[in-house]
Amino acid sequence: MREEVREREFRAFAEARQAQLRRSAYLLCGDWHQAQDLVQVTLMKLYAAWGRVRKDGNVDGYARTILTRTFIDQHRRRRWREEPLAELTDPPSTGPETPELRLVMRSALMRLPPRYRAVLVLRYWEDWSVEQTAEALRVSTGTVKSQSARGLARLRELVGDLAEETSRR
């Protein structure tokens, strides 16, 4: 009976959070298919620790930490050997931004080094604190602050460059 309750609770969590985890994973890796793979690995790792994590109470934070660490580990090890297709369809936009802005921001984000990208996604997309981000990435709070500042500065440069390129077309 306890196993049934555990599985039911995990399934409810996974169904409720899968879409948001996939969006965060996409911002980290820039590819919807890789994002789905990251989410699946995250959910498998989360399921293995479900009993302990559920008792701690911060299941959402734990899932995002697993997601981010899995992305960094896989990028570091260069496990992604697949070549993305030239044309993939993206899910429809739900925000008020223009498609051009989304393309510029996505392109700029993908040009950042993975560590900067991870810090910016956790800090500004997931709205994590400096301390939460530092814990998730296993770095000091000073490192998070400096990588946030450097990542934002580089992102601003890239967005400006890409916006100029887009406007010339």
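Report yes if Gln74 is within 19 Å of the chain's Cα centre (by Cα), closer than 23 Å to Gly61 by Cβ, at pLDDT 85 or above and among the polar types (S, T, N, Q), otherwise no.
Details: within 19 Å of the chain's Cα centre (by Cα): yes; closer than 23 Å to Gly61 by Cβ: yes; at pLDDT 85 or above: no; among the polar types (S, T, N, Q): yes.
In short, no.
What are the pairs, 6+ residues apart or on separate chains, where a residue within segment 27-43 that is part of a helix (DSSP H, G or I) has its Cβ under 8 Å from a residue that is buried (at least 21 other Cβ atoms within 10 Å of the Cβ) and of a type in the set (Lys, Arg)?
Listed by first residue and then by second, the contacts come to Leu27/Arg117; Leu28/Arg117.
Which pairs turn up if I take residues in segment 4-24 that are under 20 Å from Leu122 (Cβ atoms) and look for partners that are part of a helix (DSSP H, G or I) and open to solvent by 60 Å² or more (accessible area, probe 1.4 Å) with beta carbon separation below 8 Å, at least 6 apart in sequence or on another chain?
Here the result reads Ser24/Trp125, each pair linking segment 4-24 to a residue that is part of a helix (DSSP H, G or I) and open to solvent by 60 Å² or more (accessible area, probe 1.4 Å).
Any idea how many residues of segment 14-27 are open to solvent by less than 30 Å² (accessible area, probe 1.4 Å) and either more than 17 Å from Pro114 (Cα to Cα) or modelled with pLDDT under 90 (or both)?
Within segment 14-27, the subset open to solvent by less than 30 Å² (accessible area, probe 1.4 Å) is 14, 21, 24-26.
Now narrow it down to the ones that are either more than 17 Å from Pro114 (Cα to Cα) or modelled with pLDDT under 90 (or both): 14, 21.
Looking only at that region, the number is 2.
Let me confirm something: among Gly51, Gly57, which residue is at positive phi and surrounded by fewer than 17 Cβ atoms within 10 Å (Cβ to Cβ)?
On the way: Gly51 fails: at positive phi.
The match here is Gly57.
What is the number of the single condition among (1) over 29 Å from Ser107 (Cα atoms); (2) surrounded by fewer than 18 Cβ atoms within 10 Å (Cβ to Cβ) that Trp32 does not meet?
Result: Trp32 fails condition (1) only.
The values are calculated or read from the model by the stated rules, or taken from the named source; none is laboratory data. Here the structure is a predicted model, which means the values were calculated and not measured. Cβ sites come from the backbone with ideal geometry, for glycine too, and all protein chains shown count toward neighbours. The accessibility values were calculated without ligands, DNA or RNA, using every heavy atom of the protein model including side chains. Shrake-Rupley method; radii C 1.70, N 1.55, O 1.52, S 1.80 Å.
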